[in-house]
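Remarks on the structure that follows.
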Amino acid sequence: MDFSRPELFDFQGISMTKYHTDKWEKIQNFQARPNDIIIASYPKAGSTWLSYILDLLYFGQSSPERQTSIPIYRRAINLETNMSYSLPGSETTHIFRGTEMLDKLPTSPRLIRTHLPVQLMPNSFWEQNCKVVYVARNAKDSVVSYFHFQRMTLMFPEPEEWSRYLQRFMKGKMVFGSWYDHVNGWWKKKQSYSKLHFMFYEDMIEDIGREMDKLCSFLGLSPSAEEKERIIDSVQFDEMKTNDMVNFSGFVKQMNFKVSSFIRKGKVGDWKNHFTVAQNEEFDEDYGEKMKDSTLQFRTEV
Ligand code: A3P
């Protein structure tokens, strides 16, 4: 398999690519462990930020060396990522297979990242009653962040021009499907599954200490005040942007950092720099229709 931008196709009613559906039986048959921690989100909601917080909470003190030696995507591993590829001009085959990497992960708990819509999650997670942390971000900043991400990463389809991209987002023609269905599907799950903690990117931006307290209370963790302060310092936007263990700088072949950074702006309201007045009106109208039955409330400004 060459490393090239993948095609989007319909997969069980969701737009997906080969990089997140190949070897599907391994994903569906994945064996969860009762203490696995699932970090779920629609793409670009701040899941790397959340993964890093969780990694520091669980392992920051016991294994400080991992902070300088293991990139975050190998500490909190994406379940559905499945890439076997060779780079142009090279015979070497590179493999990043989430399920296999997770099977071999020696840490306890395992931090498992996923962008799957709730209905595609392997049953084992529910059977094992695993704790899930879902982070959601408002639709407007999500689509902007996703657009820049797709511009810079070859693991996703070419985003093409912004106005067409925005239309596709509204239609749910994105990798991992419709943002609207994703956030509502997981929100509904929370109503019946008590081990799901729902977080918002905007709340994390507003007060990361408060959100960490709520997260710790859900997880049954009680870091000391000093430890908490240390974590808050480490997960600041500027710290993460320059930290090669969390900014994906190792993905040089898959990501073009000249086009955009992975840790890009980290703001609530960047959508205002992208949406025209007409696009905003059309988006709001469509949003009102799609979200009319939902009790989920997002903030597009903080
Ligand atoms: P922007 O593109 O708007 O900057 P994910 O990790 O789920 O792919 O989400 C990526 C988004 O989270 C990016 O948004 C990124 O900049 C933002 N992000 C990552 N770390 C952050 C931090 N410490 N503080 C605020 N935002 C952060």
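The values are calculated or read from the model by the stated rules, or taken from the named source; none is laboratory data. Not measured: the values here are computed from a predicted model. Cβ: placed from backbone, ideal geometry, glycine included. Neighbour counts: every protein chain shown.
Looking at the structure I just gave you, is Lys267 among the charged types (D, E, K, R), closer than 28 Å to Asp181 by Cβ and not in a helix (DSSP H, G or I)? Spelling it out, Lys267 is indeed among the charged types (D, E, K, R), closer than 28 Å to Asp181 by Cβ and not in a helix (DSSP H, G or I).
Across the range 270-294, the number of residues qualifying as in a loop (DSSP other than H, G, I, E, B), away from the ligand (no atom under 12 Å from the Cβ) and in contact with a Phe, Trp or Tyr (Cβ under 8 Å, 6 or more places away or on another chain) comes to 3.
As a summary of the residue check, Arg97 satisfies the conditions (1) more than 13 Å from the ligand (Cβ to nearest atom); (2) charged (D, E, K, R); (3) crowded, with 22+ Cβ neighbours inside 10 Å except for the one numbered (3). Only one of the numbered conditions (1) over 28 Å from Ser108 (Cα atoms); (2) part of a helix (DSSP H, G or I) is not met by Val252, and that is (2). In the range 266-275, the count of residues that are farther than 28 Å from Ile208 by Cβ and free of Cβ contacts under 8 Å to residues at least 40 places away in the same chain is zero.
Only one entry in Val175, Val143, Val133 is buried (at least 17 other Cβ atoms within 10 Å of the Cβ) and over 30 Å from Ile70 (Cβ atoms), namely Val143.
Results for (1) more than 16 Å from the ligand (Cβ to nearest atom); (2) surrounded by 17 or more Cβ atoms within 10 Å (Cβ to Cβ); (3) under 19 Å from the mean Cα position of the chain (by Cα); (4) modelled with pLDDT of 95 or more, shown as yes or no for each residue.
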site: Asn184; (1), (2), (3), (4): yes, yes, yes, yes
site: Arg210; (1), (2), (3), (4): no, no, no, yes
site: Gly220; (1), (2), (3), (4): yes, no, no, yes
site: Phe237; (1), (2), (3), (4): no, no, yes, yes
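Among the conditions (1) basic (Lys, Arg); (2) over 21 Å from Ala40 (Cα atoms); (3) in contact with a strand residue (DSSP E or B) (Cβ under 6 Å, 6 or more places away or on another chain), Lys171 misses just one, which is (3). In the range 75-94, the count of residues that are outside any loop (DSSP other than H, G, I, E, B), over 30 Å from Glu301 (Cα atoms) and within 15 Å of the ligand (Cβ to nearest atom) is one or more.
Taking the range 131-152 as the range and being under 15 Å from Ala76 (Cα atoms) and over 16 Å from the mean Cα position of the chain (by Cα) as the test, only Lys131 passes. Just one of the numbered conditions (1) within 14 Å of the ligand (Cβ to nearest atom); (2) modelled with pLDDT under 95; (3) touching a helix residue (DSSP H, G or I) at 6+ places or on another chain (Cβ under 7 Å) is not true of Ser249: (3). Only one of the numbered conditions (1) touching a strand residue (DSSP E or B) at 6+ places or on another chain (Cβ under 9 Å); (2) assigned to a helix (DSSP H, G or I); (3) without any contact (Cβ under 8 Å) to a residue 60 or more places away in the chain is not met by Thr99, and that is (3).
Checked against the criteria, Lys26 does not count as out of contact with any Lys or Arg (no Cβ under 6 Å at 6 or more places or on another chain), modelled with pLDDT of 95 or more and on the phi > 0 side of the Ramachandran plot. Taking (1) within 25 Å of Phe125 (Cβ to Cβ); (2) within 16 Å of the ligand (Cβ to nearest atom); (3) over 18 Å from the mean Cα position of the chain (by Cα) in turn, Asp233 satisfies each apart from (1). Applying the criterion of being part of a helix (DSSP H, G or I) and small (Gly, Ala, Ser) to the residues of the range 191-225, the residue that is farthest from Tyr52 (Cα to Cα) is Ser192.
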